[in-house]
């Protein structure tokens, strides 16, 4: 999970999008993303794929504080409801684990922009146990 110094070392899509973890706790994660022009579609709205990537990121990341060390989380499915267009400001995604077993987690996500809900999501994560060391 990306917290503290590890968040500063983020790479790939997470770094490009500028996703920051603002609050991390057992079963809850809040992340932020600033809307930038290069993340918008030709009509000036934030591309839906950016919202999907943000949701996918927090969907898995919220699980790390409650998983055994060395485990990893893999999204198996998620559903988005786009509620309103986004043109500026900061997105705040809050992920909460609603159900957790040894092998799966069901996570609910709300994304807010400037105080308005813009996306709701729910997904399932497969929790992979650490590999045994010989």
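The values are calculated or read from the model by the stated rules, or taken from the named source; none is laboratory data. Fair warning: this is a prediction, and the values are worked out from it, not measured in the lab. FYI the Cβ positions are ideal-geometry reconstructions off the backbone, even for glycines, and counts take in every protein chain you see.
Does residue 32 satisfy the criteria of being without any contact (Cβ under 8 Å) to a residue 24 or more places away in the chain and either in a strand (DSSP E or B) or buried (at least 18 other Cβ atoms within 10 Å of the Cβ) (or both)? Show your work before the answer.
On the way: without any contact (Cβ under 8 Å) to a residue 24 or more places away in the chain: no; either in a strand (DSSP E or B) or buried (at least 18 other Cβ atoms within 10 Å of the Cβ) (or both): yes.
When the stated conditions are applied, residue 32 does not pass them.
Quick one: would you say residue 105 is assigned to a strand (DSSP E or B) and over 21 Å from residue 14 (Cα atoms)? Spell out how you get there, then give the answer.
Details: assigned to a strand (DSSP E or B): yes; over 21 Å from residue 14 (Cα atoms): yes.
When the stated conditions are applied, residue 105 passes them.
Identify, from the list 75, 90, the residue that is under 22 Å from residue 130 (Cβ atoms) and surrounded by 11 or more Cβ atoms within 10 Å (Cβ to Cβ). Spell out the reasoning first.
Numbers: 90 fails: under 22 Å from residue 130 (Cβ atoms).
Just a single option satisfies the conditions, and that option is 75.
Yes or no: segment 65-80 includes at least one residue that is on the phi < 0 side of the Ramachandran plot and in a helix (DSSP H, G or I).
Scanning segment 65-80 turns up at least one residue that is on the phi < 0 side of the Ramachandran plot and in a helix (DSSP H, G or I).
Out of 81, 113, report the one residue that is surrounded by 15 or more Cβ atoms within 10 Å (Cβ to Cβ), in contact with a strand residue (DSSP E or B) (Cβ under 9 Å, 6 or more places away or on another chain), at pLDDT 95 or above and closer than 25 Å to residue 46 by Cα. It would help to see each step written out before you state the result.
On the way: 81 fails: surrounded by 15 or more Cβ atoms within 10 Å (Cβ to Cβ).
Only one candidate passes the filter, namely 113.
Scanning for something touching a strand residue (DSSP E or B) at 6+ places or on another chain (Cβ under 9 Å), in contact (Cβ under 8 Å) with a residue 24 or more places away in the chain, part of a loop (DSSP other than H, G, I, E, B) and surrounded by fewer than 13 Cβ atoms within 10 Å (Cβ to Cβ), does segment 35-43 turn up at least one residue?
No: zero hits.
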